[in-house]
Amino acid sequence: MPDPDVVISVHNLAKAFTDAEGREVRVLDGVTFDIHRGETVVIMGGSGCGKSTLLNCLIGEYQINGGHILYQTKDMDERRDIATLGEAEFNRIRKRFGILFQSGALFNSLTVAENVALPLEEHSEVDAAVIDFVVTMKLQQVKMLPHRDKMPAQLSGGQKKRAGLARATALDPEILFYDEPSAGLDPVTSTAIDELMMDLSKKLLVTSVVVTHEMDSAFRIADRMVMLDKGRVLRVGSRAEFEALRDTQVEKLTTRDDRLINQFLNGYGSGPLTDAEGISEFEKLIGVG
């Protein structure tokens with residue numbers, strides 16, 4: 001019987017793209033893990049490992065080639081496979097999650113307040129006074145209320161992330177997806193964003209899914225971690241399990257996967273990640289490396 005505590009279940013997920021020669025390149029291969037209600041799961045791995053592709057599959061941006069992505073939000077009486085849903089059905093699930101994109105993805109022609117109001121205007125039927133109240137509250141939560149009338153071009157990188165987070169929470173989502181939330185930020189601002197994410201998770205009681213390759217951030221915010229390499233899951237475990245693997249001396253690790261994870265977590269220049277060919281098929285496809 002399915003675990004009622006699981007809000008997203010990914011099983012044997014496969015995703016492929018077609019390269020310039022018409023060949024199918026599999027980017028995700030047999031990816032399987034669960035996301036439990038209320039936890040923060042960090043999805044990590046090197047460039048080209050498939051983590052951004054996985055995120056796009058989870059939010060329905062990409063059609064999958066095989067496997068299942070099952071959702072069960074609080075208002076659903078059973079799990080539903082998003083691959084079998086029509087657009088209208090999946091849009092009802094989409095209203096239960098918010099997304100913070102890497103750049104913040106604010107509309108440059110709108111003020112900060114107008115950006116945050118947009119989801120409410122598009123997906124709710126409340127009047128303007130209520131929308132203004134919600135916008136004020138959401139901007140207060142991310143400490144951006146003094147900047148409500150500014151345009152995105154007037155904001156720093158960290159302020160754009162905060163404004164994007166206010167917009168992502170406008171509809172009181174059950175699930176929050178983060179795409180590289182620390183990318184492009186200095187260490188102090190990155191820590192502030194992490195603390196804000198953790199604070200909102202507690203206050204809003206949301207499930208958080210974070211894609212990142214920033215290890216300091218990952219170990220600050222994660223309850224559990226998913227490590228990808230070349231489209232497959234190497235390890236799913238608690239933060240404590242990954243901390244133990246990170247801190248173990250390399251010569252004491254008995255498997256290639258453990259040595260690879262240890263190298264990635266510590267940022268070592270030599271190891272399984274760099275001793276092999278050094279570039280994944282997906283990186284070749286998209287021209288990375």
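In table form, for the structure just shown:
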item: Condition check for Asp149: among the charged types (D, E, K, R), at pLDDT 95 or above and surrounded by fewer than 15 Cβ atoms within 10 Å (Cβ to Cβ); result: yes
item: Unmet criterion (only one of (1) closer than 25 Å to Arg92 by Cβ; (2) at pLDDT 95 or above) for His123; result: (2)
item: Filter result for Val226 (out of contact with any strand residue (DSSP E or B) (no Cβ under 6 Å at 6 or more places or on another chain), of a type in the set (Val, Ile, Thr) and over 20 Å from Lys95 (Cβ atoms)); result: no
item: All helices (runs of 4 or more DSSP H) inside region 85-192 with 1 or more residues being out of contact with any Phe, Trp or Tyr (no Cβ under 6 Å at 6 or more places or on another chain) and farther than 22 Å from Thr212 by Cβ; result: 87-94, 112-123, 128-141
item: Among residues of region 259-282, those that are at pLDDT 50 or above and assigned to a helix (DSSP H, G or I), counted; result: 12
item: Pair list, Cβ under 9 Å, 6 or more apart: region 137-151 residue in contact (Cβ under 8 Å) with a residue 60 or more places away in the chain, other residue part of a loop (DSSP other than H, G, I, E, B); result: Gln141/Thr169
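The values are calculated or read from the model by the stated rules, or taken from the named source; none is laboratory data. In this text the structure is predicted, and so the values were computed from the model without any measurement. All Cβ positions, even for glycine, are placed from backbone atoms using ideal geometry, and neighbour counts span all protein chains on display.
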